[in-house]
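This report refers to the structure that appears directly beneath it.
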Amino acid sequence: MLYACTTLFRGAGYVSFDGEAAEQPLHGAMNAAYAHATAPLRRLVDRYVGALCEALCAGDPVPEWIRAELDEPPKTMQQATQRSNAYERGLLDLVEALVLAPHVGESFQGVVTDWEAEDDRGEIQLAEPAVAARLTGRKAELGSEVEAELVTADVVTGRVEFRVR
């Protein structure tokens with residue numbers, strides 16, 4: 001659940017601007033103007049922000065190399081964020097598969113956290129072990145508690161799948 005809660009703050013993008021402020025400067029979760037450029041995955045942005053702040057504080061013009069490359073950091077940072085998220089998700093998938101692999105064929109109680117009726121699939125959240133995984137089978141109501149059989153726990157691909165009983 002802690003991992004799932006962090007997704008509330010994800011999806012933000014990086015926007016550069018020169019002169020007028022960005023058209024949409026609000027942080028989605030805070031609904032307030034927000035700029036952040038100092039975090040482990042944002043060190044590239046720090047290079048630009050640091051040089052920019054240094055110039056402004058000294059009363060100097062913004063360095064030309066910043067203006068010339070202003071559109072590149074947001075693209076690079078978006079790619080880095082996507083790679084980081086894929087890596088994190090892959091690790092979590094692997095651990096979940098490792099924990100569940102000895103239990104293929106067993107039944108588990110869980111809550112349906114997502115369901116796409118046209119595809120007869122969704123997601124189940126188990127309480128014990130704390131795993132969120134793919135769910136298939138008969139129609140399951142969002143938010144309902146279901147009994148589901150573990151049908152796949154592949155430690156090579158990290159794929160875990162349950163089927164509603």
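As a test, work out the antiparallel percent of DSSP beta bridges whose residues both lie in the chain, rounded to the nearest 5.
Rounded to the nearest five, the antiparallel share is 90 percent.
From the phi angles alone, apply the Karplus equation (6.51, -1.76, 1.60; θ = phi - 60°) to segment 135-152 and give each ³J(HN,Hα) in whole Hz, x where the residue is Gly or Pro.
Each residue's phi maps through the Karplus curve to give 10, 10, x, 5, 4, 10, 6, 4, x, 7, 8, 9, 9, 9, 8, 6, 9, 8 Hz.
Tell me, what ³J(HN,Hα) does each residue in segment 16-25 have, in order and in whole Hz, if you take phi through Karplus 6.51 cos²θ - 1.76 cosθ + 1.60 with θ = phi - 60° and put x for Gly and Pro?
9, 8, 10, x, 5, 5, 4, 4, 10, x
Out of 86, 155, 16, whose Cα points farthest toward the positive end of the dipole of the chain (charges: +1 Lys, Arg; -1 Asp, Glu; placed on Cβ)?
155
Determine the distance separating the Cα centre of segment 59-98 from the Cα centre of segment 137-158; give it in Å without decimals.
Cα centres, segment 59-98 to segment 137-158: 33 Å.
What angle do you read, to the nearest 10 degrees and between 0 and 90, between the alpha-carbon axis of helix 72-100 and the longest principal axis of the chain?
For helix 72-100, the angle is close to 20 degrees.
Using only the Cα atoms, what convex hull volume per residue in Å³ does segment 100-165 have?
On the way: hull volume 4.6 nm³, N = 66.
Each residue corresponds to 70 Å³ of Cα convex hull volume.
Using the 10 angstrom Cβ neighbour count as an exposure proxy, how do 81, 113 rank, fewest first? Present the calculation step by step, with values, prior to reporting the outcome.
Details: 81 17, 113 14.
Listing 81, 113 from fewest to most nearby Cβ atoms yields 113, 81.
Quick one: Debye curve from the C-alpha atoms of the chain, no solvent, what's log10 I(q)/I(0) at q = 0.12, 0.13, 0.15, 0.19 Å⁻¹?
The Cα Debye sum returns log10 ratios of -0.70, -0.76, -0.87, -1.15.
With the Cα gyration tensor of segment 14-98 giving a ≥ b ≥ c as the square roots of its eigenvalues, does the rule (a/c under 1.5 for rounded; else a/b larger than b/c for prolate; else oblate) give rounded, prolate or oblate? Could you put the intermediate results ahead of the total?
Values: a/c = 2.80, a/b = 2.02, b/c = 1.39.
Prolate, since a/c reaches 1.5 and a/b exceeds b/c.
Among DSSP bridges having both ends in segment 104-164, what percentage is antiparallel? Round to the nearest 5.
Bridges in segment 104-164 that DSSP calls antiparallel: roughly 90 percent.
Computed from the coordinates by the stated procedures, all read-outs in this text should not be read as laboratory data. A quick note: this is a predicted structure, and the numbers were derived from the prediction, not measured. No Cβ is skipped: glycine too gets one built from the backbone with ideal geometry, and neighbour counts run over all protein chains shown.
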